[in-house]
Every structure is written in C-alpha cells, then in structure tokens.
Amino acid sequence: MLEELLREQAPQVLGALVRRYGDFDACEDAVQEALLAASLQWPGEGVPANPRSWLITVASRRRIEVLRNEAARTRREETVASWSPPEPASSEDDSLTLLMLCCHPALTPQSQVALTLRAVGGLTTGEIARAFLVPEATIGQRISRAKAKLQGARFAMPPAAEQPERLAAVLHVLYLVFNEGYTASSGTSLHRVELSAEAIRLTRQLHASLPAEGEVSGLLALMLLTDARRPARTTADGALVPLPEQDRSLWDRAVIAEGTELIESTLRSAPVGPYQLQAAIAAVHDSAADADETDWREILMLYELLEATAPGPMVTLNRIVAVAMVHGPAAGLALLDDVDPALKEHHRLAAVRAHLLELSGEGAAARSAYELAARLTQSLPEQRYLQSRAANLRSSAGPS
C-alpha cells in the first residue's frame with residue numbers, strides 16, 4: 001500500500017537529510033514535499049526500485065533550492081555545489097533518533113504528539129488535525145513552534161544519562177496517541193483508527209530497535225491486547241458496547257496470541273514496569289471466555305501492583321472497580337469518596353459510581369449518576385450509552 005510505504009520511509013528520509021544538512025525545520029518541510037511528489041507520481045509511473053533513495057534525492061534537491069534562495073546565496077551555493085544526496089542511514093537508528101528528538105523535553109506533550117505524528121508518522125498537518133478534531137491551523141502552529149524550539153538541536157541520540165527519561169517521554173507520547181485513537185475524547189466516533197494504528201506501527205518500530213527494553217515490549221503488548229477487542233466495541237451504527245457485553249468471537253485472536261506471548265516473555269525477562277502491568281491486566285481480560293469467567297482477583301492484585309509502581313487517579317479508580325468485582329459493589333462505593341479531587345469532574349468517576357449503584361440495586365441514584373456522566377463526557381457514543389443506561393433504569397422503575 002503506497003500510503004503505508006511512504007509513512008515507513010518518512011523518518012528514514014528525514015533522518016538522512018538532517019544528518020547531512022542540519023536544520024530540522026527546513027529538512028522536514030523538504031521531506032513533506034518529497035512525500036507529496038511521490039504520492040502524485042508513483043501511482044502513474046510505478047514505485048521506483050529504491051523508494052528511499054528516490055525520496056532522499058527529491059527532498060535533497062528541494063533543500064538545496066531553498067538554500068540557494070537564502071540571503072548568503074553565493075557562499076552557500078559554493079558549499080551546496082560540493083554536496084551530493086546522502087545515502088540512506090540505518091532505519092532503526094534513524095527512527096529511534098527521530099522519536100527521541102520529537103519528544104525533546106523542551107516541547108509540551110501536545111507538541112511532542114503532533115511533531116511525532118508529522119515527522120515520524122508521516123501524517124500531514126491536515127490528517128493530524130482531523131484525527132484530533134481541532135483546526136488545521138492549531139496543529140500547524142504546534143508543529144511550527146516545536147520545530148522552532150528544536151533549532152540547533154543535534155540530530156543524535158541523547159547522552160546515555162538522558163536516554164531513560166527521553167525513552168519514557170517517547171512511550172508516553174505513543175500511549176497518548178493510542179488511547180486517543182482507541183477511545184476518542186470527543187466527537188461522533190468512539191474510535192479514530194488512524195491514530196491507534198499509527199501508534200501500534202511506531203511502537204513496533206521502536207520495539208524492533210529496542211527489543212530488550214521491557215517497557216517498550218509492555219506497551220506494544222498492551223496496545224495489541226487492547227486493540228484486538230476493537231471490532232466488538234461498537235454496533236453497526238456506532239453505539240458503544242461495554243466489555244462485559246461484547247461478542248468475544250469478534251475479538252482478533254491472532255493479535256491476542258501475539259500480545260499474550262509478548263507480555264509473558266517480557267515479564268519473565270525484564271524488570272516489571274507500569275506498561276507491562278497494564279498489558280498483563282489486558283491479557284487476563286482477553287483470556288476469559290466470557291465476562292463471568294474473568295479472574296478479577298488476579299486483576300485486583302495487578303492493579304495493586306500498578307498503583308504501587310505508578311500511582312495515579314485513573315489507576316486508583318480502576319483498582320476500585322476491581323475491588324467491587326471481587327468484594328461486592330458496596331466495597332467499591334465506600335472507596336469512591338476518597339479518590340483524587342482531580343476526578344470529581346471527570347465522567348469516568350460518575351460512570352463507575354452509576355455502575356456500582358446499579359449493581360447495588362439503587363436504581364434512582366444510579367440513574368442520576370449515569371445522567372451526570374453523560375453530561376460530563378464530550379464523546380457522543382459515550383453520551384448515548386450513558387443516557388441509554390439512565391433511560392433503562394427510568395423505564396424499569398415504572399411511572400412515578
């Protein structure tokens with residue numbers, strides 16, 4: 001597929017140009033023009049025998065043209081005359097170096113996400129904007145500001161002492177991209193498949209470069225085990241189907257097997273981290289033939305480990321759900337009032353409260369909580385699902 005080929009080549013071409021010419025901003029623009037030229041020419045003329053060299057040559061010509069038009073024309077033309085298009089660099093090295101550069105600590109998380117998708121993922125500014133449901137100008141500004149902050153940054157792996165922190169930032173960016181693709185925070189669709197698919201592709205690429213990094217393997221396993229359920233998460237008309245009600249015959253068993261094997265081998269060979277624990281939880285869910293067979297005691301144990309390793313309000317909330325499934329809804333409800341105040345206005349807290357109240361037989365209180373959760377979320381599929389739960393409780397209560 002041409003689009004996939006171009007996205008695979010984009011980071012290698014950009015890496016080759018930045019290594020030779022410097023100036024990330026100008027090189028990235030030149031690569032985008034080369035990708036556009038390929039998308040227009042290759043369908044009619046055929047893909048060249050060496051697509052990467054073709055792209056590097058075209059992008060290099062564009063970069064040289066820009067240099068020739070700059071103020072110090074004479075001096076730079078003398079330098080340019082001695083240049084030839086660089087040879088492709090190692091795909092693994094360039095991909096990893098680019099990911100590290102795009103997740104530079106000088107950038108905000110939003111800018112890291114946008115620049116990663118543009119420079120490493122090969123997505124256009126318009127594609128990124130549509131995926132996140134924001135104006136194209138907004139994404140363009142984020143990318144421009146990010147590239148400006150990287151002016152003068154050396155295209156090389158960070159020093160060894162900085163690599164663990166930078167890798168953590170890369171994993172966080174890929175995690176954010178996947179989560180937004182798997183459960184969109186707003187809009188009419190529950191999924192934005194282009195984002196979750198791109199996150200998986202880039203994480204596979206990262207795993208190929210760092211196969212011994214336990215958290216890289218853990219994140220890839222988590223994405224695979226989670227995305228395998230996507231075909232069962234919505235009905236034909238896009239309505240949300242919660243995990244206990246999903247038709248598990250629609251789950252992608254081949255992907256589940258790959259993710260399970262990956263997390264099991266990683267847990268045996270690497271220090272345990274948060275992404276591995278989340279992947280292990282996903283594997284427990286995926287291994288159950290139906291909702292009643294879910295091993296909630298094991299899930300609770302894993303959430304307790306996760307909370308000790310990487311505490312956070314959402315981790316706590318998920319642990320409370322596991323407590324309720326093991327010890328009963330009353331036990332979960334008793335813990336909800338002590339969650340982080342940052343969750344008070346989050347629809348997930350209200351939705352969990354509603355679910356536990358419904359399990360406890362408190363229909364009126366559950367209905368109110370479902371209605372509150374529906375008001376708090378910006379996702380239309382989630383709104384409709386929560387409103388339908390409230391409506392079901394209203395109708396089952398009969399006339400007042």
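The values are calculated or read from the model by the stated rules, or taken from the named source; none is laboratory data. Because the structure is predicted, anything quoted here is derived from the model rather than measured. Please note: Cβ atoms are built from the backbone with ideal geometry, for glycine as well, and neighbour counts cover all protein chains shown. Note: accessible area is taken over every heavy atom of the protein model, side chains too, but ligands, DNA and RNA are not part of it. Shrake-Rupley method; radii C 1.70, N 1.55, O 1.52, S 1.80 Å.
Give the residue, chosen from Ser217, Ser209, Ser186, that is closer than 18 Å to Pro109 by Cβ, of a type outside the set (D, E, K, R) and either over 12 Å from the mean Cα position of the chain (by Cα) or open to solvent by 60 Å² or more (accessible area, probe 1.4 Å) (or both).
Numbers: Ser217 fails: closer than 18 Å to Pro109 by Cβ; Ser209 fails: closer than 18 Å to Pro109 by Cβ.
Selected residue: Ser186, the only one of Ser217, Ser209, Ser186 that is closer than 18 Å to Pro109 by Cβ, of a type outside the set (D, E, K, R) and either over 12 Å from the mean Cα position of the chain (by Cα) or open to solvent by 60 Å² or more (accessible area, probe 1.4 Å) (or both).
Only residues that are in contact with an Asp or Glu (Cβ under 8 Å, 6 or more places away or on another chain), over 22 Å from Ala59 (Cα atoms) and open to solvent by 50 Å² or more (accessible area, probe 1.4 Å): list them for region 98-129, please.
The answer is Pro105, and nothing else.
Test each condition in (1) open to solvent by 70 Å² or more (accessible area, probe 1.4 Å); (2) at pLDDT below 95; (3) of a type outside the set (A, V, I, L, M, F, W, C) for Glu382 and report the one that comes out false.
(1)
Can you say whether Glu162 is acidic (Asp, Glu), in contact with a helix residue (DSSP H, G or I) (Cβ under 8 Å, 6 or more places away or on another chain) and at negative phi, as far as the supplied structure shows? Break it down stepwise before answering.
On the way: acidic (Asp, Glu): yes; in contact with a helix residue (DSSP H, G or I) (Cβ under 8 Å, 6 or more places away or on another chain): no; at negative phi: yes.
For Glu162, the condition - acidic (Asp, Glu), in contact with a helix residue (DSSP H, G or I) (Cβ under 8 Å, 6 or more places away or on another chain) and at negative phi - is not met.
Out of all the residues in region 253-270, is one or more under 22 Å from Leu117 (Cβ atoms) and under 18 Å from the mean Cα position of the chain (by Cα)? Give the steps one after another, and end with the answer.
Quick first cut of region 253-270, residues under 22 Å from Leu117 (Cβ atoms) only: none.
No, because not a single residue in region 253-270 is under 22 Å from Leu117 (Cβ atoms) and under 18 Å from the mean Cα position of the chain (by Cα).
Return the residues of region 157-170 that are open to solvent by less than 30 Å² (accessible area, probe 1.4 Å) and closer than 10 Å to Thr97 by Cα; say none if nothing qualifies.
Residues of region 157-170 that are open to solvent by less than 30 Å² (accessible area, probe 1.4 Å), as a first pass: 158, 166-167, 169-170.
Passing the criteria: only Pro158.
Taking Glu298 as the residue in question, decide whether it is buried (at least 17 other Cβ atoms within 10 Å of the Cβ), modelled with pLDDT of 95 or more and assigned to a helix (DSSP H, G or I). I'd like the intermediate steps shown before the answer.
Numbers: buried (at least 17 other Cβ atoms within 10 Å of the Cβ): no; modelled with pLDDT of 95 or more: yes; assigned to a helix (DSSP H, G or I): yes.
So Glu298 fails the test.
Of all residues in region 284-295, how many are open to solvent by 20 Å² or more (accessible area, probe 1.4 Å) and under 25 Å from the mean Cα position of the chain (by Cα)?
2
Restricted to region 246-262, and to residues that are in contact with a Pro (Cβ under 8 Å, 6 or more places away or on another chain) and part of a loop (DSSP other than H, G, I, E, B), which residue is least open to solvent (accessible area, probe 1.4 Å)?
Going through the qualifying residues, I end up with Trp251.
Is it fair to say Leu243 is of a type in the set (A, V, I, L, M), touching a residue at least 12 places away in the same chain (Cβ under 8 Å) and open to solvent by 30 Å² or more (accessible area, probe 1.4 Å)?
On the way: of a type in the set (A, V, I, L, M): yes; touching a residue at least 12 places away in the same chain (Cβ under 8 Å): yes; open to solvent by 30 Å² or more (accessible area, probe 1.4 Å): yes.
Criteria met by Leu243.
From the list Ala350, Ala373, pick out the single residue that is part of a helix (DSSP H, G or I), open to solvent by less than 20 Å² (accessible area, probe 1.4 Å), in contact with a His (Cβ under 7 Å, 6 or more places away or on another chain) and not polar (S, T, N, Q).
Among Ala350, Ala373, only Ala373 is part of a helix (DSSP H, G or I), open to solvent by less than 20 Å² (accessible area, probe 1.4 Å), in contact with a His (Cβ under 7 Å, 6 or more places away or on another chain) and not polar (S, T, N, Q).
For Ala342, which of the numbered conditions (1) open to solvent by 30 Å² or more (accessible area, probe 1.4 Å); (2) at pLDDT 95 or above fails to hold?
Single failed check for Ala342: (2).
When you check Ser265 against the structure, is it farther than 23 Å from Leu349 by Cα, of a type in the set (S, T, N, Q), surrounded by fewer than 16 Cβ atoms within 10 Å (Cβ to Cβ) and at pLDDT below 95, yes or no? Can you show your working first?
Numbers: farther than 23 Å from Leu349 by Cα: yes; of a type in the set (S, T, N, Q): yes; surrounded by fewer than 16 Cβ atoms within 10 Å (Cβ to Cβ): yes; at pLDDT below 95: no.
The answer is no for Ser265.
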